[in-house]
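Below is one structure; the comments refer to it alone.
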Amino acid sequence: MAEVLKIGIAEWKQTTAPNRLRTAGLGSCVGVILFDVRTQVAAMAHVMLPDSNIARKHQTIEVGKYADTAIDALVKSLNQAGASRLQAKMAGGAQMFQFKYENEAMRIGERNAEAIRKALKAHRIPLVAEDCGGHNGRTIEFDVATSVLSIRTVSVGTKEI
Amino acid sequence: MLSEFEQDLLKELGNIGSGHAATALSTLLAKPVNITVSSAEMEPITYLPERVGGPERHVASVLLELGGDISGMILILFPVDDAETMVTSLIGTPFTFAAADELGQSAWEEIGNIMSGAYARALSDWLMTPIMIQVPATAIDMAGSIVEFVVTSVQPEEDAALYIDTTFMIDDKVSAGHVLFLPTHGSLEQIERRLLGHG
């Protein structure tokens, strides 16, 4: 029986086919999936922030929350599961509100996506598809068996990448 | 975790802020608006979308940024249907957000403006400190996508979200809106100091 694993804000989970990975209501956060077609294993993180250096000192870091620590954790865990040729897909990083006075915090979605691209590059993992930016929230679901990522928005409906 | 004392303090703050917001909304709509007792929580970020009806709940929202000694954000969330009903009764013609009608859109912004402004003014009066506010922004989307942006902006370095939540009911309808106040953690200390008279 195929299961749908739900990933909350700042969490990450790993599974194998025929299961699916799902995260709902992505705004400025980015949902990133690393997967290996051959071993049919995949992991998804719901990333909130670009860089773990912002975390308070001596605080236990929630690894799924930051782009850098999330990618490291996913790569390590998937390699342990026998994955040999990782690829990535991602979606999210929207700007939910348009203020009259823009500040750096408003660009958080864009910065999240950029930090993930950088971390993937450092691990030499190809980003094969993405749907980032814009002003809409997204719910995403990844089918491990087919590597298809479906993306639902309130205004546009569902599409697949 | 918040202590029981901190919870009571913040709940009282929520009651005062949302009491004024409810009065403002009631005057605007010429309808009774009831609020339930506010709740103050500090809990894992993952729980917050569930509090406001689930991450995929389609909501209309208004966000106001506060600056000064007390900083943070006030977020107003209503189910889209309820927000459309409010706007319809205000402008006198049927309104939906999908139709992108300018008059209705600005009426919704005005509802948010008046409610969040009343909340912020009440906080400022009660805490006896000036609070700077910007022009509010609106978004019509999934509740999860909206609250996660707010938590990320206000409390980026924390693993738990600190918020004060009040439920609004218009015309005794069961369907409810939320007004959330998310202070920065620095402001929490300021609030306590001011209310305890050490400031």
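Return the subset of A:Lys118/A:Lys159; A:Lys13/A:Lys159; A:Lys13/A:Lys121; A:Lys76/A:Lys118 for which the Cα-Cα distance in this structure is over 19 Å, preserving the input order. It would help to have the intermediate numbers written out before the result.
Values: A:Lys118/A:Lys159 26 Å; A:Lys13/A:Lys159 23 Å; A:Lys13/A:Lys121 22 Å; A:Lys76/A:Lys118 17 Å.
Distance filter (> 19 Å) returns A:Lys118/A:Lys159; A:Lys13/A:Lys159; A:Lys13/A:Lys121.
For chain B, the longest principal axis of the alpha carbon atoms and the long axis of helix B:80-91 meet at an angle near 70°.
To the nearest 0.05, how large is the calculated FRET efficiency for B:Arg193 and A:Asn53 if R₀ is 35 Å and r is the Cβ-Cβ distance?
Details: r = 29 Å, r/R0 = 0.84.
Computed FRET efficiency for B:Arg193 and A:Asn53 comes out at 0.75.
In square nanometres, what is the average projected area of the Cα convex hull of chain B?
Numbers: hull surface 41.5 nm².
With every direction weighted equally, the projected area is 10.4 nm².
Quick check for you: which residues of the stretch B:108-133 have the amide N under 20 Å from the point 7 Å beyond the Cα of B:Ser89 toward its beta carbon? From the stretch B:108-133, the list is B:108-119. Here the contact order of the stretch B:51-144, divided by its residue count and restricted to Cα pairs under 8 Å and six or more residues apart, works out to 47 percent. In degrees from 0 to 90, rounded to the nearest 10, what is the angle of the helix B:185-195 Cα long axis to the longest principal axis of chain B? In chain B, helix B:185-195 runs at an angle near 80 degrees to the longest axis. Extension gain, B:Ala100 to B:Val135, is 10.6 nm, computed as 0.36 nm per intervening residue step minus the present C-alpha separation.
Can you compute the FRET efficiency between B:Ser39 and A:Gln40 using 1/(1 + (r/R0)^6), with r the Cβ-Cβ distance and R0 = 56 Å? Round to the nearest 0.05. Walk me through the numbers on the way to the answer.
Values: r = 44 Å, r/R0 = 0.79.
Rounded to the nearest 0.05, the efficiency is 0.80.
Computed from Cα atoms, the angle from the helix B:143-154 axis to the main principal axis of chain B rounds to 40 degrees.
Where a number appears in this text, it was derived from the coordinates with a stated rule and is not lab data. As the structure is a computational prediction, the values presented were derived from the model and not from experiment. Don't worry about glycine lacking a Cβ; one is built from the backbone with ideal geometry, like all the others, and counts go over all protein chains shown.
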